[in-house]
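The values are calculated or read from the model by the stated rules, or taken from the named source; none is laboratory data. Since we're looking at a predicted model, the values are computed, not measured. Don't worry about glycine lacking a Cβ; one is built from the backbone with ideal geometry, like all the others, and counts go over all protein chains shown.
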Amino acid sequence: MNENLVYQIVNQDCRVYFKSIFCPNFDFMIADPPFNIGQKYNGYDDELTAEEYTAFTIEWIICHWNKLKPGAALVLHGSIAASREILRACFQTKLDQFIENEICWAYNFGQCTFNKFVDAHCRAIVLRKPGNNRKWYVESVMTPSKRLLMGDKRVETSKYKGYVPFGTVWGIKTEDVMPLEPIEGSPNWGRVQGNNKERREGHPNQLPENYAERFFLAYTEPGDLCFCGFGGSGTEIAVAKKLGRSCIATDVSEFNCKSIEQRLSEINSKGL
């Protein structure tokens with residue numbers, strides 16, 4: 001373990017925390033904000049009016065953007081409804097011009113309903129701050145192309161010998177479902193359910209590590225300083241630690257902060 005790496009959990013609203021920082025200093029930022037669905041948080045009201053939630057979303061996005069280094073990426077994760085709000089905030093703040101990708105994370109076992117089609121995906125908006133030091137590590141996020149899998153000899157003369165970056169739909173495991181997208185080669189791409197090995201008690205909206213890991217691999221290198229403004233169950237900072245990236249996470253909930261500390265200590269005990 002690199003002793004120079006920093007892993008800090010701050011029991012504070014990210015908007016307040018940013019006021020103590022005087023210059024952009026984060027190499028990568030990822031945010032998984034509250035979805036305004038009435039979730040019980042200690043220190044935050046998750047039942048805001050539409051106007052209040054819009055104002056809240058605009059404020060935290062601007063705070064993150066202002067502390068991001070030039071050339072770095074900001075990932076804004078959200079449910080279907082929350083990602084619409086994130087996009088609306090981007091357009092209202094003119095940040096939409098910096099959208100680089102929109103990722104769709106598809107999964108089984110969405111919230112069951114018989115009144116409409118079952119929601120079975122979330123989205124992530126990737127913003128790229130202008131600057132010369134563009135962070136993008138393509139060789140860390142590549143998959144065999146269809147041409148390579150079909151034995152097309154033309155791939156032998158291509159730069160990456162038939163390997164290409166993953167598409168913008170993640171989590172698909174069968175060609176029958178999405179034939180133009182690469183197949184995920186590893187398990188654990190679904191929602192983190194009660195019997196999932198990653199599940200942390202008291203965290204109903206937990207992200208899988210595979211999902212967060214791909215962002216860290218794509219946009220960071222070992223030693224980079226990363227930030228997660230809504231610490232939650234600690235998935236992002238845990239992934240950062242396993243990959244050798246420094247990371248600071250904030251959360252308004254004391255319970256969440258203690259849970260994250262426990263999760264990081266478990267990584268230490270396993271020698272990861």
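Scan the range 105-136 for residues that are exposed (fewer than 14 other Cβ atoms within 10 Å of the Cβ) and either without any contact (Cβ under 8 Å) to a residue 12 or more places away in the chain or touching a His at 6+ places or on another chain (Cβ under 9 Å) (or both) and jot them down.
Scanning the range 105-136 gives 111, 112, 113, 114, 115, 116, 117, 118.
Any idea how many residues of the range 208-230 are more than 21 Å from residue 67 (Cα to Cα) and either more than 11 Å from the chain's Cα centre (by Cα) or not in a loop (DSSP other than H, G, I, E, B) (or both)?
Number of matching residues: 5.
State all residues of the range 98-152 that are over 24 Å from residue 61 (Cβ atoms) and among the aromatic types (Phe, Trp, Tyr); if no residue qualifies, say none.
Hits for the range 98-152 are 107, 109, 114, 117, 137.
Every residue, every condition in (1) acidic (Asp, Glu); (2) touching a strand residue (DSSP E or B) at 6+ places or on another chain (Cβ under 8 Å), yes or no:
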| residue | (1), (2) |
| --- | --- |
| 17 | no, yes |
| 35 | no, yes |
| 45 | yes, no |
| 49 | no, no |
| 71 | no, yes |
| 74 | no, yes |
| 78 | no, yes |
| 87 | no, yes |
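From the list 30, 61, 86, 21, which residue is in contact with a Lys or Arg (Cβ under 7 Å, 6 or more places away or on another chain), of a type in the set (A, V, I, L, M) and either without any contact (Cβ under 8 Å) to a residue 12 or more places away in the chain or on the phi < 0 side of the Ramachandran plot (or both)?
21
Which number in (1) touching a residue at least 60 places away in the same chain (Cβ under 8 Å); (2) in a loop (DSSP other than H, G, I, E, B); (3) on the phi > 0 side of the Ramachandran plot marks the one condition that residue 71 misses?
Condition (2) is where residue 71 drops out.
Here is a list of conditions, (1) out of contact with any strand residue (DSSP E or B) (no Cβ under 9 Å at 6 or more places or on another chain); (2) of a type in the set (A, V, I, L, M, F, W, C); (3) closer than 30 Å to residue 71 by Cβ; (4) at pLDDT below 90, and residue 192 meets all of them except one; can you say which number that is?
Residue 192 satisfies all of (1) out of contact with any strand residue (DSSP E or B) (no Cβ under 9 Å at 6 or more places or on another chain); (2) of a type in the set (A, V, I, L, M, F, W, C); (3) closer than 30 Å to residue 71 by Cβ; (4) at pLDDT below 90 except (3).
Could you list, in sequence order, the residues of the range 92-110 that are modelled with pLDDT of 95 or more and part of a loop (DSSP other than H, G, I, E, B)?
Hits for the range 92-110 are 93, 94.
Applying the selection to the range 232-262, what residues are buried (at least 20 other Cβ atoms within 10 Å of the Cβ), charged (D, E, K, R) and not in a loop (DSSP other than H, G, I, E, B)?
The answer is 236, 241.
Looking at the range 105-119, is at least one residue among the charged types (D, E, K, R) and at positive phi?
Among the residues of the range 105-119, not one is among the charged types (D, E, K, R) and at positive phi, which makes the answer no.
Here is a list of conditions, (1) surrounded by fewer than 18 Cβ atoms within 10 Å (Cβ to Cβ); (2) over 23 Å from residue 250 (Cα atoms), and residue 66 meets all of them except one; can you say which number that is?
The failed condition is (2).
Conditions tested, residue by residue: (1) within 24 Å of residue 50 (Cβ to Cβ); (2) out of contact with any Asp or Glu (no Cβ under 9 Å at 6 or more places or on another chain); (3) modelled with pLDDT of 95 or more; (4) part of a helix (DSSP H, G or I).
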residue	(1), (2), (3), (4)
63	yes, yes, yes, yes
87	yes, no, yes, yes
112	no, yes, no, no
127	yes, no, yes, no
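State whether one or more residues within the range 22-39 are farther than 25 Å from residue 235 by Cα, surrounded by fewer than 14 Cβ atoms within 10 Å (Cβ to Cβ) and modelled with pLDDT under 95.
Checked against the condition, which is being farther than 25 Å from residue 235 by Cα, surrounded by fewer than 14 Cβ atoms within 10 Å (Cβ to Cβ) and modelled with pLDDT under 95, the range 22-39 yields at least one hit.
Can you give me the number of residues within the range 29-53 that are in a helix (DSSP H, G or I) and farther than 17 Å from residue 13 by Cα?
2
Filter the range 137-159 down to the residues that are in a loop (DSSP other than H, G, I, E, B) and surrounded by 14 or more Cβ atoms within 10 Å (Cβ to Cβ) and list them by number.
Matches in the range 137-159: 141, 145, 158.
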